[in-house]
Amino acid sequence: MTSLPLIIALAWRNLWRNKRRTAVILFAMALGVWAMIVTAAFMRGMALQVLDDTIDNLTAHIQIHHNNYLDDPVIENSFKINKTIESALQHTDIINWSNRIRVPAVISSERDTSGLVLLGIDPEREADLSFLKSSISDGKYFSGADDKGIIIGKKLADNLETRLGKRVVVITQNTRNEISDRGFRITGIYDTPTEGMETGFVFMTRRSAETLIGVSDLSSEIAIITRSLEHVDPVIKTLKSDLPDLDIQSWQTIQPFTQLIVEMYGDFQYIWHLIVFLAMSFGIINTLLMTIFERSREFGLFQALGLKPRFILMQVWIESMFMLTIALIIGNLVSWLTVLSTGDGIDVSAFAKGMEMAQLSNIIPFIIISEDLFLANSIVIVLGMLTGLYPAWRASRLVPANAITRV
Amino acid sequence: MNTKQTDLVVECQKISKTYQQGIIEVNALTDIDFDVQRGEFICLSGPSGSGKSTLLNMIGGLDAPSTGEIFIDGEEIDELDKSELADMRLHKIGFIFQAYNLIPVLTAQENIEMVMQMQGINKADRNRKSLSILKEVGLEGLENRKPPELSGGQQQRVAVARAIVSRPSLVLADEPTANLDSVTANKLIDLMLSMNEQHKTTFIISTHDPMIMQRAKKLVKLHDGKIAEVINQE
């Protein structure tokens, strides 16, 4: 391998022989790397945001219901939290949980009426579990378990032509299948990026809901947050074993659309990386073949002087590796700066309706994670190494007598 | 491998070379028998297409004959694979071409050291030998210049220096003076002759240049791929 230091030096110097061409191809390759990483960051941000929003928007990681509740979400399909359930919820990987009353209802203002879902919540437990407390835009969150107010969405308030401090009537069905109604003062208005959320849910304390429906200590659902997404399945397994009479579901089965988006993101990333690399590889091959054509006399001379064909192959291949490495460094650096410059994300509120249909917020964050960086860089390195082999092989196969005399 | 002990540097036995040009077969060389003794200074001459360069390429292992055998230092080169051929060229043969002799991204000294580096000679020895040979060919002080910064004559001197620096058995030169003016060409011939005399290096030069033909110790005239005449001029 005595020729190795020589061919490394030659590969490096040859790279800068035609500075303009090298600069153009480096720009194109770095652009490709940038497109890969920034798109991955955008898609990752979108997927994680959908996931976060889904979990934050009342779904949580795990939900526990009465076995019939999801088919018929009425108050009869509720359950009491007994010692067995309380003991099961002591699981070390459960960091927070909250039990809710969740029933269909109708809300009526002086002007209009709307059908929605009524949630009776435990204000203290719910504060750290879902979006509600952090989304109050007007008024205040519940002061305690005895708070008698109601919190409604901003869009719903607009639709009902009502506002903070006004009274609304909530109508639902009690356990005797009779209509039960009661007036509540609006003490808080929440604002979320999704209008569907604002028009679909109203919140009161569990105590108010129990009084309205005429029940005591009943829960429609328990929402659970685990330490991380990785803990969801093991916790479900334990809960199913501990609570065989209840329906225990993960966020994936409750919100299959979110699961689909997250899975689609992974597949899309591979396809996008391959498309970008395919475009890049034409640049690499074209540049190297051009180089070989221009330098064929030189390769002939090398062979005449006694350089073995495998070292000629290595010289061209190392040259392409230098090019790839520089492009990767520039591409990664510029991607990092791009993501850094976007701050909290990019504002796509101009497409608010479409974003809402896709369950997305109006601000999409760019999130770079090491796995995505590794994937993009690995694809470029591995496929780049393979792509560089063909021109290198061509160079090593030149017949010296023909190569030297080539004009 | 077929090898034999001999003082012959080159031994060509009935070598022929046929090229295919479309549907036409062109006989570049026909049944050439040609021997070169160690230390000879031979000039191959003849009109264009007579087979001078083809013969030189065959001897240097840059191209393979269609039939016949070639021995370099008693070793039959037809039996060598590409890697062994490269080794043979590296250790036994120096080349000087008409043009494009030097690697443009390397300095004059690096161009000379390149062959020694491939041979595995250490850096200190490479440096000492390259500077010494540069002085010998009259290029002292120009060691750090790259080929575009040297004149045509200087570039050919570097090529000669590179060809002989590791003391090969044989130097093959293909039209070495073709792109040089007469004064520079004469100096290059002087240089090659002095290298031949001082180091007993064998030279085979293919040329149209009458100056080289006059000063060669042996003149081999080729015509239509055959040796037409051999003139001993010593």
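Where a number appears in this text, it was derived from the coordinates with a stated rule and is not lab data. Note that the coordinates shown come from a computational prediction; the quantities given were computed from them, not determined experimentally. All Cβ positions, glycine included, derive from the backbone under ideal geometry; neighbour counts span all protein chains shown.
Return the whole-Å distance between the Cα centroid of the stretch A:125-159 and the Cα centroid of the stretch A:204-264. Result: 20 Å between the Cα centres.
Could you calculate the FRET efficiency of B:D81 with A:L333 from 1/(1 + (r/R0)^6), where r is the beta carbon distance between them and R0 is 56 Å, rounded to 0.05?
Details: r = 46 Å, r/R0 = 0.82.
E(calc), rounded to 0.05, equals 0.75.
Along the Cα-to-C-beta direction of A:Q173, a point sits 7 Å from the Cα; which residues of the stretch A:53-77 have their amide N less than 20 Å from that point? Once the point is set 7 Å along Cα→Cβ of A:Q173, A:65-77 turn out to lie under 20 Å by backbone N, inside the stretch A:53-77.
Result for chain B in a Gaussian network model with C-alpha springs under 10 Å: among B:N101, B:N122, B:N144, the largest mean-square fluctuation is at B:N122.
To the nearest ten degrees, helix A:370-396 and the longest principal axis of the Cα atoms of chain A are 20 degrees apart. Answer with one residue from A:S335, B:T107, A:G196: the one whose Cα lies farthest towards the positive end of the charge dipole of the protein assembly as shown, charges on Cβ with Lys, Arg +1 and Asp, Glu -1. Value computed over the given set: B:T107. Remind me, relative contact order of chain A in percent, using alpha carbon pairs under 8 angstrom and six or more residues apart? Result for chain A is 27 percent. Where the alpha-carbon atoms of chain A are placed on the principal axes, they occupy 101, 47, 30 Å, in descending order. Remark on the stretch A:181-224: hydrodynamic radius 12.6 angstrom, per the Kirkwood mean of 1/r across alpha carbon pairs. The spacing between the stretch A:27-57 and the stretch A:301-327, judged by their C-alpha centroids, is 37 Å.
I need the calculated FRET efficiency for the pair B:D33 and A:W393, taking r as the beta carbon distance and R₀ as 51 Å, to the nearest 0.05. Spell out each step's value before the answer.
Numbers: r = 38 Å, r/R0 = 0.75.
Rounded to the nearest 0.05, the efficiency is 0.85.
Helix A:256-294 sits at what angle to the longest principal axis of chain A, using alpha carbons and giving 0 to 90 degrees rounded to 10? Taking Cα atoms only, the helix is inclined about 10 degrees.
Give the calculated FRET efficiency between A:K148 and A:N67 to the nearest 0.05, with a Förster radius of 45 Å applied to their Cβ-Cβ distance. Using R0 = 45 Å, I get an efficiency of 0.85.
Of the beta bridges in the protein assembly as shown, as assigned by DSSP with both residues counted there, near 70 percent are antiparallel. The residue list A:L260, A:L288, A:I224 was ranked by how far each Cα lies along the charge dipole of the stretch A:207-319 toward its positive end, using unit charges on Cβ atoms, and A:L288 comes out on top. The mean number of partner chain beta-carbon atoms within 10 angstrom of a residue's beta-carbon across peptide B:82-89 is 5.
Could you sort A:71-81, A:286-296 so that the peptide with the highest average Cβ count within 10 Å comes first and the rest follow in order? Numbers along the way, then the final one.
Working: A:71-81: 16.1, A:286-296: 17.6.
Order by mean packing, descending: A:286-296, A:71-81.
For chain B, the longest principal axis of the Cα atoms and the long axis of helix B:152-164 meet at an angle of about 70 degrees.
Expressed in Å, the radius of gyration and Dmax of the Cα atoms of the stretch A:162-298 are 28.4, 96. Placing unit charges on the Cβ atoms of the charged side chains and taking the dipole of the stretch A:1-149 about its Cα centre, the candidate lying farthest along the positive direction among A:V50, A:A35, A:I121 is A:A35. At full extension, A:A350 and A:S87 could sit 89.8 nm farther apart than now, given 0.36 nm per residue minus the alpha carbon distance. Comparing B:K82, B:K221, B:K146 in a Gaussian network model of chain B (Cα springs below 10 Å), the most mobile by mean-square fluctuation is B:K82. In chain A, helical runs assigned H by DSSP with n ≥ 4 each contribute -39500 (n - 2.57); averaged across all residues and rounded to the nearest 500, the mean residue ellipticity at 222 nm is -17000 deg cm²/dmol. What the phi angles of the stretch A:8-22 give under the Karplus curve with 6.51, -1.76 and 1.60, with θ = phi - 60°, is a coupling list of 5, 4, 5, 4, 5, 5, 5, 4, 9, 5, 10, 4, 5, 5, 4 Hz, glycine and proline written as x.
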